[in-house]
Structure formats: structure tokens, C-alpha cells
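Student: Shown below is the structure under consideration.
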């Protein structure tokens, strides 16, 4: 029997505060990591070129966050299928557009009004929303391979394929991992997940092998003596962390950011944080902050009585913590080099906006306005 479960509470203030703190901390560290690059890029005119761009994105991100905080997350059910279709069309259009122009650069970005949008970021958000919506509709059918699990895994695989041909293999893997975890939480059988994962691993062998730079990254990960070519970035990242030690060399005093470590303000900003603030003053508190966001997200899903909200809150939480820890794992040499940013810290446009939209959705779910459910709560799912 359906029951009307009504509760009123404020949004999750600790979650909002930790996100505000991360954005403030990220702005400080981004300026520290990028001022040298800004000086060169601007021809010696300014040291704050990247800082100005980042501040604009942070401002837009907060606007997006507060908009989605005010919009009832259940309304996303109405647009979930269309959002997924749009994200697929954007991925196809981006690759086609680059091919028509004869542009040989990675087809990952679309320029809209002077603002670059990474289409895989939109795809990531749309997939989390759609899977949450679709799995809510399926209910226990997800345990059936043909009518439940297979359609979901085909959608995930199709999105991964379009992102791989951009090419952006690391983002495709992360999106695949997020989608698979959501399926598991929704009640998919472990044997179905293991079979699809094994199939994906087999398919990834030729994908890696026939792209020399991908294979070189994998080989350099196992060959630690390669510190001049393919293993250069990873080696410099470790040197940066080693320079910082436990307490760091001081804010602004990084050596590696001065043209030794590539992309110090984007993919390897974690290493600069470690060098300047050390383990105890920088990297460890940062990872604890992301774990706290994950904790708050799971607490929000626990209190939610709507299956769509439970899956959406959990998917968003997994997305944020997974990106953060993969970025840290690359910087510390635990993973091969990828191009994944540190959420709310690294320089970037669409990635920051999408993450802030996700935080806004998570805050809206935490308000627990009016829920209609058939006795379903988070304990009905696999993480109980």
C-alpha cells in the first residue's frame, strides 16, 4: 500500500559548508599553482590569468548550485530520458564537428560563446540522473538479465564508446565504473556485473594496444625507471609530494610548478598542494574533506524515502569521491597517468559547473520535502 510520507527539514548545512570551503581552498591553491603559467601565457602581462577564469567559473557554479537547490529533484524524472538523448547527440556532434573541420585534436570540447564545454561532463551527469530514474521504474526487474540489466549496461557501454573515440579513455572508464556501481546498488545480480566487467576488460585490451600513447602510459606505470619520457609526469608528481613531506615548503614556494611538473593547476594540482602544504596541512585534510562529502551524501540517501532520490544521491556521492581519489592516486603513483581533474579544486570549466549542479541536487534531496513511496527506503538496496 502506498503511503504519503511528509517531512520538512532544512538542507544539509555541513555539506554546503564543506563545499564552500573546498571552493575557497581550491581558488587559493589554483592561483599558487598557476601564476607562473599565467605570466607566460599572457606574455608577462598578468599572473592571474587562470585565477580570473576560475573565479568566473566558481561564480557561475554557485549560481547553478543554488538553482538546483531550489528545484525539486523529482522534476528531473520528467527530463531524464531527454537529457540522456541530448548528451548522446552532443557526444556524436562533437566528434563529427571535429572530423568535418579536419581538426585532429581530441574531440572533447565544444566552444559556446567563448566558453568551452566538455561534452563528457554533461554525459556523466545525464547518465547518473537517467539510471536513477530508469532503475526506479524497473524496481526488481533489474535482477532479470534480458529485460532489466542488459538495457542499462548497453546504455553505459554506448556512452563509454562515444567517449573513447573522442578519445578520452580514462573518463570513459570512470563513467563505466559509476554506472556499474549504481546498478549494483539498485539490486543487479553480482554475476551479471562480473560478466559485463570481464567483457569490458577484454574489450579494453585492443583499445589500449592500438593506441601507442595509451600503451606507453601503462608500460611506464610498471617501469618506474622511465622518468624522462612517458613516465615524466608521474615522476615529477612524486618528486613534488616528496619535496613537501609532512608539513610542506610553504604556500607559494613550490619548485615543481615552475615548468618542471606539467599542468600543475589542472591534473596535478594535488601534487602542488602536497608540496606546498605537506601531508598534514594539505593532501590528507583534502582527502578527508572528500570522504566527508561522501559521508554526507550517503546520510542524505539514508534519510530519503524515494528510490529515485536514494540512487541519485548515492550516484552523485560516488562520482565526486571517485574523481577525487583517482586524481590523488595518479599523483601518488598508484594509478597510471590520466586526465581526470580534482573536483572543485582543479582549473576547468564544465567539470566545475557539473559538480556544483550535482551538489545543488544533493542539497535539494536533503531537504526531504514531500516523499511518496511504497514502504521503500535505503535498506532495500544492496548497500544496506
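Each reported figure results from applying straightforward, stated rules to the coordinates on display, with no laboratory input. The structure presented is a predicted model; accordingly, all values stated were derived computationally and were not measured. Cβ sites come from the backbone with ideal geometry, for glycine too, and all protein chains shown count toward neighbours.
Student: Looking only at 66, 268, 222, which one moves most when the chain is put into a Gaussian network model with springs between Cα atoms under 10 Å?
Tutor: Most flexible of the set in this elastic network: 222.
Student: Would you please report the Å³ per residue occupied by the convex hull of the alpha carbon atoms in segment 184-327?
Tutor: 144
Student: Expressed as a rounded percentage, what relative contact order does the chain have, with Cα pairs under 8 Å and six or more residues apart?
Tutor: Relative CO of the chain lands at 29 percent.
Student: Between residue 146 and residue 89, how high is the FRET efficiency from 1/(1 + (r/R0)^6) when r is the Cβ-Cβ distance and R₀ = 41 Å? Nearest 0.05.
Tutor: Calculated value: 0.90.
Student: Take the chain, connect every pair of alpha-carbon atoms lying under 10 Å apart with a spring to form a Gaussian network, then pick out the residue of 151, 81, 167 with the largest mean-square fluctuation.
Tutor: Result for the chain, Cα springs under 10 Å: 151 fluctuates most.
Student: Would you work out if segment 76-210 is rounded, prolate or oblate? Take a ≥ b ≥ c from the square roots of the eigenvalues of the alpha-carbon gyration tensor; rounded if a/c is under 1.5, else prolate when a/b is larger than b/c, oblate otherwise.
Tutor: oblate
Student: Residue 284 label point, 7 Å along Cα→Cβ, cut-off 17 Å on backbone N: hits in segment 238-255?
Tutor: Correct set: 241-250.
Student: Shifting gears a bit: Rounded, prolate or oblate for segment 33-124? Axes are the square roots of the Cα gyration tensor eigenvalues, ordered a ≥ b ≥ c, and the cut-off for rounded is a/c under 1.5.
Tutor: oblate
Student: Same structure again: Could you give the length gained on full extension between residue 40 and residue 154, defined as 0.36 nm per residue of separation minus the Cα-Cα distance, in nm?
Tutor: 36.5 nm
Student: OK, next. Can you tell me the relative contact order of segment 1-106? Whole percent, Cα pairs under 8 Å, sequence separation 6 or more.
Tutor: Relative contact order here is 13 percent.
Student: Relative contact order (percent) for segment 229-376, with alpha-carbon contacts under 8 angstrom and 6 or more residues of separation?
Tutor: It rounds to 26 percent for segment 229-376.
Student: Next question, about the same structure. Rank 219, 183, 173 by mean-square fluctuation in a GNM of the chain with C-alpha springs under 10 angstrom and give only the top-ranked residue.
Tutor: Comparing 219, 183, 173 in the GNM, the peak value goes to 219.
Student: Just how far, in whole angstrom, is segment 245-301 from segment 4-68 if you go by their alpha carbon centroids?
Tutor: Here the answer is 15 Å between Cα centres.
Student: At residue 202 and residue 21, where each label point lies 7 Å from the Cα along Cα→Cβ, what is the point-to-point distance in nanometres?
Tutor: Taking the two extended label points, one gets 4.8 nm.
Student: Helix-derived [θ] at 222 nm for the chain: sum -39500 (n - 2.57) over DSSP H runs of at least 4, divide by residue count, nearest 500?
Tutor: For the chain, the value works out to -22000 deg cm²/dmol.
Student: At 7 Å along Cα-to-Cβ for each site, give me the label-to-label distance between residue 139 and residue 260 in nm.
Tutor: Going from the residue 139 label point to the residue 260 one covers 6.2 nm.
Student: Based on other C-beta atoms within 10 Å, arrange 41, 124, 57, 108 from fewest to most.
Tutor: Going from least to most buried by this count: 41, 57, 108, 124.
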